[in-house]
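Heads up, the thing below is written out as structure tokens.
The values are calculated or read from the model by the stated rules, or taken from the named source; none is laboratory data. Remember, it's a predicted structure, so these values are computed and weren't measured experimentally. Every residue, glycine among them, receives a Cβ derived from its backbone with ideal geometry; neighbour counts consider all protein chains shown.
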Amino acid sequence: MPHPLSPRLFHDELVRHDRAELARRLSAAPEQAALRAIAAAEQGGRLTEDDYIALLSPAAAPHLERMAGAARAITLRNFGRAVQLFTPLYLANHCTNRCVYCGFNTGNAIPRRRLSMEEVDAEGAAIAATGLRHILLLTGDAPRLTGPEYIAEAARVLRRHMPGISVEVYSLTEEEYALLADSGVDGMTMFQETYNEELYARLHPAGPKRDFRFRLDAPDRAGRAGLRSLNVGALLGLDDWRADSFLTGLHARWLQKQHPAADIALSVPRMRPHVGVFDDVHPVSDRDLVQIIAAARLFLPTAGIVVSSRERADFRDHLMRIAVTRVSAGVSTAVGGHAGAPAQDGDSPQFDIADTRSPAEMSAAIRSLGLAPVFKYWEPLEGESFHCGRASGGSGA
Ligand code: SF4
């Protein structure tokens, strides 16, 4: 598929960073550079790329407590005590890709199915009954079965139950994102998986997802189409976590510059067990993840930070005290997993979750941390659309 012509593409930014040279800088940053970066953040300064590299380096690791304290103060200043709640809704698990690390990989013999609109409605009602008012719609990558029209129709059904709808689906064109925006979708998440273009090609041996650049530019296209919430991330463990974390942060900062009216966030998912085989994992310890999150907060004071239910409950609680602003609750990663129907074909989960708390349990936990759970964090004004990057009602074309 041809890439949209644009003078401002994040790929231009990405190729400034030679991978080997970046790895060298990330491993060799001096302790003084890390301490300078922490002090600058504590004083409210805007950190440079060199600062961010120092914060992600081994030299910063002995100063993790101080980094976490600074991250906490910055988070309180910019987000107050609010922690937003959402839940994923898996619409389908059909997929034409062969991502070697995913349980929905087309080569894995699992039952496949797609929700009917009646089932989508039932899922929405079941989620709304828990009090949640924001959902994240997911599909595999099978445009003939779950094309943009299908996702848009599901969004229109779910708007009866939910003011806030985001998508985490395959890369779309700007026009397709505009269709979703017109159907009630206000945000998107796109995991680049890894920013290492050569590794990416090996991890994605077949299917439309092989197109690294089309995926990389998807959040920008979504922003131009009018989605107000853009969330990026790498799947930590596929490659060296320092380099992928650094490039995720750069991507988020680049999007903030390109789309100043949008809410930019980053996710920090670690690899989890799944159906199939992928054992070439680069380990990311709990301490590493704290460093990744604290460094991100110091580099990106106003970006949302999302931690999924892949993480243990006690560890997520710890991360919320530092810098996390958005968490999932009441999670099922199976298609149609919310409405309480008996298990059936297609209910195989994409990956195992570690934090199984319900929305009520998660709210109680958040309150016990001295924080405030937020169930509804976005609602468009009646009769208005969601556009922050294009004229209201336009097609985005
Ligand atoms: S990660 Fe997404 S695109 Fe890749 S196999 Fe899984 S569902 Fe399909």
Could you tell me how many of the residues in the stretch 289-332 are buried (at least 19 other Cβ atoms within 10 Å of the Cβ), of a type in the set (Asp, Glu) and over 18 Å from the mean Cα position of the chain (by Cα)?
1
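Out of curiosity, is Leu180 surrounded by 24 or more Cβ atoms within 10 Å (Cβ to Cβ), of a type in the set (A, V, I, L, M) and either in contact with a Phe, Trp or Tyr (Cβ under 8 Å, 6 or more places away or on another chain) or under 25 Å from Ser332 (Cβ atoms) (or both)?
Numbers: surrounded by 24 or more Cβ atoms within 10 Å (Cβ to Cβ): yes; of a type in the set (A, V, I, L, M): yes; either in contact with a Phe, Trp or Tyr (Cβ under 8 Å, 6 or more places away or on another chain) or under 25 Å from Ser332 (Cβ atoms) (or both): yes.
Taking the combined requirement at face value, the residue satisfies it.
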Which residues, taken from the stretch 203-239, are farther than 28 Å from Leu56 by Cβ, among the small types (Gly, Ala, Ser) and assigned to a helix (DSSP H, G or I)?
Ala225
Quick check on the stretch 125-143. Is at least one of its residues in contact with a Lys or Arg (Cβ under 7 Å, 6 or more places away or on another chain) and under 23 Å from Leu238 (Cβ atoms)?
yes
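Determine whether Val281 is surrounded by 23 or more Cβ atoms within 10 Å (Cβ to Cβ) and among the hydrophobic types (A, V, I, L, M, F, W, C). If you could, list the steps in order and put the result at the bottom.
Working: surrounded by 23 or more Cβ atoms within 10 Å (Cβ to Cβ): no; among the hydrophobic types (A, V, I, L, M, F, W, C): yes.
Here the answer is no, as Val281 does not meet what is asked.
When you check Asn108 against the structure, is it within 14 Å of the ligand (Cβ to nearest atom) and outside any strand (DSSP E or B), yes or no? Outline the logic, then answer.
Working: within 14 Å of the ligand (Cβ to nearest atom): yes; outside any strand (DSSP E or B): yes.
Considered against the rule, which asks whether it is within 14 Å of the ligand (Cβ to nearest atom) and outside any strand (DSSP E or B), Asn108 comes out as yes.
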I'm trying to understand the selection: among the residues of the stretch 83-100, which are under 17 Å from the mean Cα position of the chain (by Cα) and within 12 Å of the ligand (Cβ to nearest atom)?
Tyr90
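Results for (1) more than 14 Å from the ligand (Cβ to nearest atom); (2) more than 21 Å from Asp18 (Cβ to Cβ); (3) in contact with a Gly (Cβ under 9 Å, 6 or more places away or on another chain), shown as yes or no for each residue.
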{"site": "Glu197", "(1), (2), (3)": "yes, no, no"}
{"site": "Tyr200", "(1), (2), (3)": "no, no, no"}
{"site": "His204", "(1), (2), (3)": "no, yes, no"}
{"site": "Arg210", "(1), (2), (3)": "no, yes, no"}
{"site": "Asp220", "(1), (2), (3)": "yes, yes, no"}
{"site": "Arg228", "(1), (2), (3)": "yes, yes, yes"}
{"site": "Gly233", "(1), (2), (3)": "no, yes, no"}
{"site": "Gly237", "(1), (2), (3)": "no, yes, no"}
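On the given criteria, is His274 closer than 24 Å to Leu199 by Cα, outside any helix (DSSP H, G or I), at pLDDT below 95 and in contact with a helix residue (DSSP H, G or I) (Cβ under 7 Å, 6 or more places away or on another chain)?
Working: closer than 24 Å to Leu199 by Cα: yes; outside any helix (DSSP H, G or I): yes; at pLDDT below 95: yes; in contact with a helix residue (DSSP H, G or I) (Cβ under 7 Å, 6 or more places away or on another chain): no.
Here the answer is no, as His274 does not meet what is asked.
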Residue hits (the stretch 155-177; surrounded by fewer than 23 Cβ atoms within 10 Å (Cβ to Cβ) and part of a strand (DSSP E or B)) are Glu168
Given the criteria surrounded by 24 or more Cβ atoms within 10 Å (Cβ to Cβ), of a type in the set (A, V, I, L, M, F, W, C) and in a loop (DSSP other than H, G, I, E, B), does Val185 qualify?
yes
